[in-house]
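K.L.:
Take a look at this one; I'll ask things after.
The values are calculated or read from the model by the stated rules, or taken from the named source; none is laboratory data. Please read these numbers as outputs of a predicted model, since none were measured by experiment. Neighbour counts are summed over all protein chains in view; Cβ atoms, including those assigned to glycine, are modelled from backbone coordinates with ideal geometry.
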């Protein structure tokens, strides 16, 4: 599930393309104009838009998950709070990546450049990524994995974002694979 450009979604799709038992069955976005939908086409993966309003109906949105036989949910830059009913259907089977070291710099509105600006403004010497399970609150689920990188005094949100994205692309597929193996076996 992604709300924007979808580089992590595409990276995951490519990583699992010929995997023996993990398949990216569907890409979901809450935005009809999100570039992740184009990336889904490029990777020949079905894509669906579920609007914020549609999420309120568990039968309507839930039918999409049933149709594609979804057994695990991976967030890759998805900006809406996951509804309680979906968390109940997939307990400890929804995972997210956050572009900072939680528990700091998380919560509503803390995504993308907002996070990197906050990290730099705070004077932190390091940042990184946090991969965590999803619960009913933004960025408060149990942490699965963290990787770190330095914050350089000359960093801008853009330069820090590039290093963070490298960490995401390096670690997220492997961590997802390990968690899916553990949770679905």
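K.L.:
For the stretch 125-138, which residues satisfy the criterion of being over 18 Å from residue 72 (Cα atoms) and under 18 Å from the mean Cα position of the chain (by Cα)?
P.N.:
Passing the criteria: 127, 128, 129, 130, 137, 138.
K.L.:
Now a separate question. For the stretch 24-45, state whether one or more residues are touching a strand residue (DSSP E or B) at 6+ places or on another chain (Cβ under 8 Å) and exposed (fewer than 14 other Cβ atoms within 10 Å of the Cβ).
P.N.:
Yes, the stretch 24-45 contains at least one residue that is touching a strand residue (DSSP E or B) at 6+ places or on another chain (Cβ under 8 Å) and exposed (fewer than 14 other Cβ atoms within 10 Å of the Cβ).
K.L.:
Any residue at all in the stretch 158-167 that is more than 21 Å from residue 10 (Cβ to Cβ), in a helix (DSSP H, G or I) and in contact with a strand residue (DSSP E or B) (Cβ under 8 Å, 6 or more places away or on another chain)?
P.N.:
Yes - at least one qualifying residue is present in the stretch 158-167.
K.L.:
I need the full set of residues from the stretch 109-123 which are part of a loop (DSSP other than H, G, I, E, B), buried (at least 16 other Cβ atoms within 10 Å of the Cβ), out of contact with any helix residue (DSSP H, G or I) (no Cβ under 8 Å at 6 or more places or on another chain) and at pLDDT 95 or above, in order please.
P.N.:
Listed by number, the list is empty, since nothing qualifies.
K.L.:
Given the stretch 1-108, what strands (runs of 3 or more DSSP E) lie entirely inside it while holding 3 or more residues that are farther than 27 Å from residue 161 by Cβ?
P.N.:
Counting at least 3 such residues, we get no strands (runs of 3 or more DSSP E) at all.
K.L.:
Restrict the check to the stretch 143-155 and report whether at least one residue is buried (at least 17 other Cβ atoms within 10 Å of the Cβ), at negative phi and part of a loop (DSSP other than H, G, I, E, B).
P.N.:
yes
K.L.:
Residues being farther than 22 Å from residue 22 by Cβ and crowded, with 17+ Cβ neighbours inside 10 Å: count how many of those fall in the stretch 164-175.
P.N.:
Counting residues in the stretch 164-175 that are farther than 22 Å from residue 22 by Cβ and crowded, with 17+ Cβ neighbours inside 10 Å gives 1.
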